[in-house]
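The values are calculated or read from the model by the stated rules, or taken from the named source; none is laboratory data. Quantities reported herein were computed from a predicted structural model and do not represent experimental measurements. Ideal geometry is used to build each Cβ from the backbone, glycine not excepted, and the neighbour counts take in all protein chains shown. For accessibility, only protein heavy atoms count, side chains too; no ligands or nucleic acids. Shrake-Rupley method; radii C 1.70, N 1.55, O 1.52, S 1.80 Å.
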Amino acid sequence: MGQSLLAALFGDPFAVMNTIGLIAFALVGSSKAIREEFDLLGITIVGLAMAFAGGATRDILVTRVPLALQSPIEIGLGLLGVGLAIALSVVLTAPDTHPITLVADAIGLAAFTTTGAIVATEASVSVFGVVVIATINAVGGGVFADILLDRAPFILFDDFYASCAVLGGSAYFIAAVAGVSGTTAAGICAGVTVVTRLAAVTYDWSLPTIQGLGLVEQ
């Protein structure tokens, strides 16, 4: 039983990245809900929504049953992330903005960009499809969580976030076309995504607005 569980979690690049992404994004989503003073049920719902919404959308796009509905292990990993967020809220003053959460968010973004790229490639979609599905997998949960938190999805107007997933998904496709192994392509994708995201947080990167470019009056 123990060996089969380990094999299910860590037997291939998809399983590894999916495990990391579920825990990291459930932690991040729950931390946001804790900041908004949601009750325990609300915290759990937002955390699980951020962990699973992107992957469920990915699976629907490639016409397969979402993994969250197939395996209790998936839900368990999400609940682990929720529990970690609650634990952090006990020992940290502002867990949603703490470096631990920011790094977890970057890692989750990289992990889900990679799982999306892997699934899209296996589904034999175009390069555009690989990048789109990788990006949706990476940011879809955050968008859904923001809607539950009653605010506009921040990827539409703030920060250099979804762009990191676009770069990571593109890197995966290029690596795959170059003939590298699936494990190496996954590592490249995750590396590009997490490095660009952490750089964006460190140096406050953002995409320009029309007003910022001076094309219209502010």
So, with a 1.4 angstrom probe, what is the percent of accessible area on the chain that is carbon and sulfur?
69
Could you work out how far apart the two model spin labels at SER206 and LEU40 are, taking each label as a point 7 Å from the Cα in the direction of the beta carbon, and quote it in nm?
3.8
Hydropathy at least 1.6 by Kyte-Doolittle, axial extent at least 30 angstrom from the Cα trace: which helices of the chain, defined as entire DSSP H runs, fit?
127-148
Set of region 98-131 residues, backbone N closer than 20 Å to the point 7 Å along the Cα-Cβ line of ASP12:
111-126, 130-131
Keeping all protein chains in the complex and leaving out DNA, RNA and ligands, what accessible area do you get for VAL62 with a 1.4 Å probe, in Å² to the nearest 10?
30
Simple SL model, points at 7 angstrom along Cα→Cβ for GLU217 and VAL125; separation in nm is 4.3
How many Å² of accessible area per residue for the chain, probe 1.4 Å?
49
If I take every Cα pair under 8 Å that is 6 or more residues apart in the chain, average their sequence separation and divide by the length, what percent do I get for the relative contact order?
22
If you place +1 on the Cβ of every Lys and Arg, -1 on the Cβ of every Asp and Glu, and leave all else neutral, what size is the dipole of the chain about its Cα centre, to the nearest 20 Debye?
440
What length, rounded to one decimal in nm, is gained on full extension from HIS98 through to LEU80, with 0.36 nm per residue of separation minus their alpha-carbon distance?
4.6 nm
